[in-house]
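Right, one structure below, let's go through it.
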There are 2 protein chains.
Amino acid sequence: MKKLVLPLLLCLSLLLQAQENPLSYVKPITGTQKMGHTYPGATVPFGMVQLSPETDTIPYEMNGKYNPDVYKYCAGYQYEDKTIVGFSHTHFSGTGHSDLGDFLIMPTTGKLQLNPGTATHPETGYRSSFSHSTEVAEPAYYKVKLDDHNILAELTASNRVGFHQYTFPGNEPAHIILDMMSGLYNYDNKNVWSFIRVENDSLVTGFRQTNGWGRTRIVYFAMTFSKPFTAYGQQNYAQDVYKGFWRKFDQTRNFPEMAGKQLRTYFDFNTAPGEKIQIKFALSSVSTAGALRNLRTEIPGWDFNAVKAAGQELWSKELRKIQIESRSKEEKENFYTAMYHAFINPTTYMDVDGAYRGLDMNNHTANGYTNYSTFSLWDTYRALHPLFNVIQPQRNADMIQSMLQHYNQSVQHMLPIWSHHANENWCMIGYHSVSVIADAIIKGNAPFDVNAALDACVATARHRAYDGLGYYMDMGYIPEDKIGASVSKTLEYAYDDWCIAQIAQKIGRTDIYTEFIKRAGYYRNVFDARSGFMRPRLSDGTFKASFDALQTHDQGFIEGNAWNYSLYVPHDPTEMITMMGGKKQFAAHLDSLFTMELPDKYFAETEDITRDGIIGNYVHGNEPSHHVAYLYNYTGYPWKTQERVRMILKKMYHPGPDGLGGNDDCGQMSAWYIFSTLGFYPVCPGSDQYALGSPAIDKATLQLENGKSLVIKVKNQGDKNVYVQRVLLNGQPLREPFITHADMMRGGELTFFMGAKPLKQ
Amino acid sequence: MKKLVLPLLLCLSLLLQAQENPLSYVKPITGTQKMGHTYPGATVPFGMVQLSPETDTIPYEMNGKYNPDVYKYCAGYQYEDKTIVGFSHTHFSGTGHSDLGDFLIMPTTGKLQLNPGTATHPETGYRSSFSHSTEVAEPAYYKVKLDDHNILAELTASNRVGFHQYTFPGNEPAHIILDMMSGLYNYDNKNVWSFIRVENDSLVTGFRQTNGWGRTRIVYFAMTFSKPFTAYGQQNYAQDVYKGFWRKFDQTRNFPEMAGKQLRTYFDFNTAPGEKIQIKFALSSVSTAGALRNLRTEIPGWDFNAVKAAGQELWSKELRKIQIESRSKEEKENFYTAMYHAFINPTTYMDVDGAYRGLDMNNHTANGYTNYSTFSLWDTYRALHPLFNVIQPQRNADMIQSMLQHYNQSVQHMLPIWSHHANENWCMIGYHSVSVIADAIIKGNAPFDVNAALDACVATARHRAYDGLGYYMDMGYIPEDKIGASVSKTLEYAYDDWCIAQIAQKIGRTDIYTEFIKRAGYYRNVFDARSGFMRPRLSDGTFKASFDALQTHDQGFIEGNAWNYSLYVPHDPTEMITMMGGKKQFAAHLDSLFTMELPDKYFAETEDITRDGIIGNYVHGNEPSHHVAYLYNYTGYPWKTQERVRMILKKMYHPGPDGLGGNDDCGQMSAWYIFSTLGFYPVCPGSDQYALGSPAIDKATLQLENGKSLVIKVKNQGDKNVYVQRVLLNGQPLREPFITHADMMRGGELTFFMGAKPLKQ
């Protein structure tokens, strides 16, 4: 009997392999070149630890001088770089601003060097040359050869623990450096305090506290080595005035408590040739005791391959939520890489026992939900959270719980704008938490106190001191002479207010509905009929005289010019189209957007994207236009939507390091890809409607959490057959290029019939 | 019937008044001038909050230059000063080094000024002139008129909450400043981080983190005002590089979250003439939530007088543990002021729910005991903790529990040396925790795991990396060419080791006894028979050639010269006396110590004391000689002990601001006074023996916690009648000038018969 088991298992395994594992299509290296700002390292879905290599850690500012290159290193890694500085445990995925890079670990051999050295002269420090030929980046696994040290570095992770495995050449002094100074978007004095305890010969605990994007941020850690170190030490690089009675000790070597503002530490090992030294490195927002509990709970043993396999299994499970069929390997790589990037953020932000640090710097416990952080809401409300409402509804509800706890802890009494690690960093504009909340409520994914959620939305939207909101409430728009980017803000507030009105309407809170549906119309107040654009107004009611609709800077907008931003009335496209001259004129206007030639001088000032992120004057690399291609649907020209969407898919996404035309922005760019590839897009989150586009795969099966599945079949699809001829929902033809969320959640089949010619009526 | 109640109560009250309240004899102002380093503000016995005025906050070092004046402000207050900067919530009592001064509050009127101004020009800042004529300092109560602002300031406190009451003149803008930059022993960059939340119009929370004597120290607070403020604001004085998206806001006024390295904040009020504004200000080592819980638990209401009365009742209860009779008001003031100063430290270090921050920076809970901090052990092991074994045994046992928890949390695996606020600051020498533990165990006050306590002592004493201990263990002494103050350290280690041996002997751990009783004899290794002094030796075994027995600095000693320190073998005075030439020669040697003229050049280098702290070459202002006057008892000249002790009592202590001849050192100087006034002293803590001296009161009743009482009767005592003629213990004559702890704990009567002539046999 026993003899049969093995062959049987083998057969099963082969069968499973035949049932394609989407994991193999994920290319974490995608977007690591230029502006994608993704990272190639190891993380599990929505994991607290993001263990990834840093190819440089350019400071934001040193000696008072801003360093524009810092921007390239938002995620710590740039594909063109030739050296690796080390591997740190926290990273944002695809952001256009940064922080983190906590706890840089670097294994070295030979003479101990505690400074990182330079990219051009890695031999002057601990960093190492590397080559992409030895590099492997998979979900939950990263491998690279550190050439200068002849060390093979491998990384994997569980949710809260990074797992390092370094294979040493032996016969040379071996060191593992823990650089507490290193960080992303670093600058003088960013490190507020570091504290390290060498608890025994293989366990180290501590914390790092920084003042950066997160103003009062603290991360605790516990690290264990698979083998005792023979010695350890530190160098303190800060000019601390006061040493006190610690001078009794030689603190530089084998002194078990190290503390200061700028510390680098090292641990020495004896190694045999080919010997592996492993490190488990756990994080906590609460305490070193919490980190140690996370470590011992999540990875009790030392089986690197088992942890890697478990991490990859977590990914497979998430990726299988949408199974696609496509004849194109590139398409599959694009798609599953987008799924991968979409499922990195928001990140888990609590210990295994539910404890987490709140905005009030007190410890809290998440009861009955998973607490999340890393809310890049200006980006992610658009498509990422709507995507979660389709295939990650439980997580999305937990994210909203987390946002409501943020509100409860916020001394401003505001929902998150952009928050991470118990800090509101106030990045970008609007208050798009309300969109995420409204979208979940309207779509029936609201296992939380909806009335309390509405109260939080209303309090946020009535916060007069916030970014021109007082002016907006009093005047119906924000005067540009008072507050910059006034048009972007007015438009986004109006949309957010519409979201609040939707919640109020749904639960019958009429007074709130009345108040906010009125505010939802304030977009009209910045429309300049004469120019045909949204345009900044001044306190006296006049439009600002000088005005350049192509210019991004100082024109009343942010991350978008008037051309792009004028199309931002997602909650009332019909009225907007009327206002802008009616369907035909509007469609022509959209055409111009995509086809015009943007002069170089304007591009130079566009934020956060490369030339690749632009089509004509349509900016896909930034978010404000993400719904724009779908606006044709409202003009009677759905075939133009279909055409444009396919063009954008082709032009803006491809596998490979330079595969993203702009910051992935915590998954928003990827979520756009996923929706659009599947053939529909949430033009207005907070409504239950999706606009149909042009699906770019042959078949997709969405496994819904309600146990149903939605099968999207695409007949006759191809690079030329991008035009939808007919759509059947469970056999019934759709008359409009729209579908509702409820339609999808009922499951069944959505069949697109494609052709090479546009269906022009 | 009712009509009778009031007169009856009045009679009772008068009766109680007749039964003298020791409270009225306490003069907290004692020692606030010159070197006493006490503070006059409000605290309860062993309280976590010490709310007291700062007359200046001289920085330790500014722009790289040491400021010797910082030393004067160890407790924040110097009697000669003419201005008050504000009132802060944490102070050490009597230390010779400092930290703390957390959360300075200052009420002002008129134009808002956020800088403190200068002592010579108080009008340039928020500080105020004051006069001692308006000043009242009582236990748990402090009052002063802030003349420049015409504000009457009153302070009281519960254990964890400071209570301020400010009476404003009205008709002027009123402000209350919370200066987060201010601190004691301040210097550039000492403030690591400050965080403040204005939770509502009368509740503010936050924390302050510093890098000073306590290297990684953090204190949380919650403050409530009795009346809503009308506005508030801050100024950030740090040159922080990075502002981030917080620039969206005007953070200087009415912005509820403030964070940075150098913050001063203010709160504006409207006041009517004579209106009082009260502040309750709670501390926690754990969190702002903990501070708020402390606040609401300890002082739920706003009755200042009731809180003051409760605080004073706590003091009365503690002070009544020793009731003395004396014909001298000055004596009573000295005595109860000494009791007061003895009962300030160690300080409570846990929240009302038992939670406290440990050395590992994790939160812990004290189960079944009160957790204490502020262990100035080099000072307090001598007489303060022995005094606690007599009249505060429960607290002393809890202090030892706290020390054992310190050991458990210490990454050095050492008992405290000098610890405060979850930090080991390593001040001074030796490892005198072991003396405190041995003294409690030998005296039968050990409701803790004695074996575990011994293990902690042994681990501490075997810590080779600690301050020359490796040399000491290997060579039997510390070579001065390797580690400074080698003789002081060798002598104190030897005594500490003897303490460890006593514990081991008592619980039958023979191997440990053998090891440490051997080490206890190492004092012999630094005795130079030729010079007759303890003298530094070098690595090669020779005595250091150049040697000045009167010099304090660089001679192998600390806070004492060879003359004083050579007498430090508390555990073996008999052998020491033999070694130094026998009883007669030794007594003559002691005589010289007290009578010689110390040339000015030597005094100038004596640490921590004024001229008043010296008699001849006997230094009472520092601790190493505190047992010396009692050594005559071992020579057959007990009458000389009696004479010297009375002389020291007279010369070194008197009521009034300049009443202390040296740092009170967390109550050690005061404990010496209490013991000596009562007629006995613990020459060697860790033994059960007290040496008898010359009691300076007529009668004393010690209320023991075992329910018994010891009455000390002193017959025919007076300024001239300082010589003991006869001593009866419960009617039985004592044959030797010694008494045991067990004798005292049995209670009963100890009667001294005094006379004007020494009993010379």
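The values are calculated or read from the model by the stated rules, or taken from the named source; none is laboratory data. Just so we're clear, the structure is a prediction, and the values are computed from it rather than from any experiment. In this analysis, Cβ positions are derived from the backbone assuming ideal geometry, glycine residues included, and neighbour counts consider all displayed protein chains. Heavy atoms of the whole protein, side chains included, go into the accessibility calculation; ligands, DNA and RNA do not. Shrake-Rupley method; radii C 1.70, N 1.55, O 1.52, S 1.80 Å.
Which one of these is open to solvent by less than 20 Å² (accessible area, probe 1.4 Å), charged (D, E, K, R), at pLDDT below 95 and in contact with a Phe, Trp or Tyr (Cβ under 8 Å, 6 or more places away or on another chain): A:190, A:248?
A:190
Considering only the range A:415-426, state which residues are in a loop (DSSP other than H, G, I, E, B) and within 14 Å of chain B (Cβ to nearest Cβ).
A:416, A:417, A:421, A:422, A:425, A:426
Taking only the range A:348-366 into account, find how many residues are out of contact with any Phe, Trp or Tyr (no Cβ under 8 Å at 6 or more places or on another chain) and within 12 Å of chain B (Cβ to nearest Cβ).
Going through the range A:348-366 one residue at a time, the tally reaches 6.
Scan the range B:345-360 for residues that are in a loop (DSSP other than H, G, I, E, B) and open to solvent by less than 10 Å² (accessible area, probe 1.4 Å) and jot them down.
Within the range B:345-360, B:345, B:346, B:351, B:354, B:358 qualify.
Within 24 Å of residue A:650 (Cβ to Cβ) and in contact with a helix residue (DSSP H, G or I) (Cβ under 8 Å, 6 or more places away or on another chain), is that true of residue A:714?
Against the criterion (within 24 Å of residue A:650 (Cβ to Cβ) and in contact with a helix residue (DSSP H, G or I) (Cβ under 8 Å, 6 or more places away or on another chain)), residue A:714 does not qualify.
Suppose we filter B:276, B:243 for residues that are within 14 Å of another protein chain (Cβ to nearest Cβ) and open to solvent by 20 Å² or more (accessible area, probe 1.4 Å); which single one remains?
Checking each option against the conditions leaves just B:243.
Please verify whether residue B:319 is hydrophobic (A, V, I, L, M, F, W, C), out of contact with any strand residue (DSSP E or B) (no Cβ under 9 Å at 6 or more places or on another chain) and closer than 30 Å to residue B:717 by Cα, treating the condition exactly as stated.
yes
Looking only at the range A:199-208, count every residue that is facing another protein chain (nearest Cβ under 9 Å) and open to solvent by less than 10 Å² (accessible area, probe 1.4 Å) and tell me the total.
3
Looking for something within 14 Å of another protein chain (Cβ to nearest Cβ), out of contact with any Gly (no Cβ under 6 Å at 6 or more places or on another chain) and either farther than 30 Å from residue A:63 by Cβ or of a type in the set (D, E, K, R) (or both) - is there at least one such residue anywhere in the range A:157-174?
For the range A:157-174, residues within 14 Å of another protein chain (Cβ to nearest Cβ), out of contact with any Gly (no Cβ under 6 Å at 6 or more places or on another chain) and either farther than 30 Å from residue A:63 by Cβ or of a type in the set (D, E, K, R) (or both): absent.
Need a quick list: strands (runs of 3 or more DSSP E) entirely within the range A:213-296 having at least 2 residues that are farther than 17 Å from residue A:195 by Cβ.
Of the strands (runs of 3 or more DSSP E) lying wholly inside the range A:213-296, those with at least 2 residues that are farther than 17 Å from residue A:195 by Cβ span A:217-225, A:263-269, A:276-284.
Keeping to the range B:37-73, report how many residues are more than 14 Å from chain A (Cβ to nearest Cβ), at pLDDT below 95 and open to solvent by less than 10 Å² (accessible area, probe 1.4 Å).
0
Among the listed residues B:400, B:483, B:429, identify the single one that is free of Cβ contacts under 8 Å to residues at least 60 places away in the same chain, in a loop (DSSP other than H, G, I, E, B) and of a type in the set (A, V, I, L, M, F, W, C).
None of the other options fit; the residue is B:483.
Let me confirm something: among B:412, B:392, which residue is out of contact with any Cys (no Cβ under 7 Å at 6 or more places or on another chain), within 14 Å of another protein chain (Cβ to nearest Cβ), under 25 Å from residue B:96 (Cβ atoms) and surrounded by fewer than 24 Cβ atoms within 10 Å (Cβ to Cβ)?
It is B:412.
Just one of B:133, B:88 is more than 26 Å from residue B:296 (Cβ to Cβ) and of a type in the set (S, T, N, Q); which is it?
When all the criteria are applied, what remains is B:133.
Residue-by-condition table, conditions (1) open to solvent by 20 Å² or more (accessible area, probe 1.4 Å); (2) hydrophobic (A, V, I, L, M, F, W, C):
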| position | (1), (2) |
| --- | --- |
| A:674 | no, yes |
| A:682 | no, no |
| A:686 | no, no |
| A:705 | yes, no |
| A:718 | no, no |
| A:725 | yes, no |
| A:739 | no, yes |
| A:750 | no, yes |
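For residues that are in a loop (DSSP other than H, G, I, E, B) and either among the aromatic types (Phe, Trp, Tyr) or open to solvent by 60 Å² or more (accessible area, probe 1.4 Å) (or both), tally how many sit in the range B:443-479.
Going through the range B:443-479 one residue at a time, the tally reaches 9.
Of the residues A:530, A:535, which is of a type in the set (Lys, Arg), surrounded by fewer than 21 Cβ atoms within 10 Å (Cβ to Cβ) and under 21 Å from residue A:575 (Cα atoms)?
Step by step, each of A:530, A:535 is checked, and only A:530 is of a type in the set (Lys, Arg), surrounded by fewer than 21 Cβ atoms within 10 Å (Cβ to Cβ) and under 21 Å from residue A:575 (Cα atoms).
I'm told residue A:552 meets every condition in (1) within 19 Å of residue A:435 (Cα to Cα); (2) β-branched (Val, Ile, Thr); (3) open to solvent by less than 20 Å² (accessible area, probe 1.4 Å) except one. Can you identify the failing condition by its number?
Tallying (1) within 19 Å of residue A:435 (Cα to Cα); (2) β-branched (Val, Ile, Thr); (3) open to solvent by less than 20 Å² (accessible area, probe 1.4 Å), residue A:552 fails exactly one: (1).
Which of the residues that make up the range A:30-69 are of a type in the set (Gly, Ala, Ser) and closer than 25 Å to residue A:346 by Cα?
A:31, A:36, A:41, A:42, A:47, A:52
Give the number of residues within the range A:74-91 that are part of a loop (DSSP other than H, G, I, E, B) and open to solvent by less than 10 Å² (accessible area, probe 1.4 Å).
9
Out of curiosity, is residue A:220 modelled with pLDDT of 95 or more and closer than 30 Å to residue A:71 by Cα?
When the stated conditions are applied, residue A:220 passes them.
Regarding residue B:229, is this residue open to solvent by 10 Å² or more (accessible area, probe 1.4 Å), more than 30 Å from residue A:187 (Cα to Cα) and more than 14 Å from chain A (Cβ to nearest Cβ)?
Judged against the criteria, residue B:229 is a match.
Name the single residue, out of those in the range A:727-737 being part of a strand (DSSP E or B) and open to solvent by 40 Å² or more (accessible area, probe 1.4 Å), that is farthest from residue A:650 (Cα to Cα).
A:732
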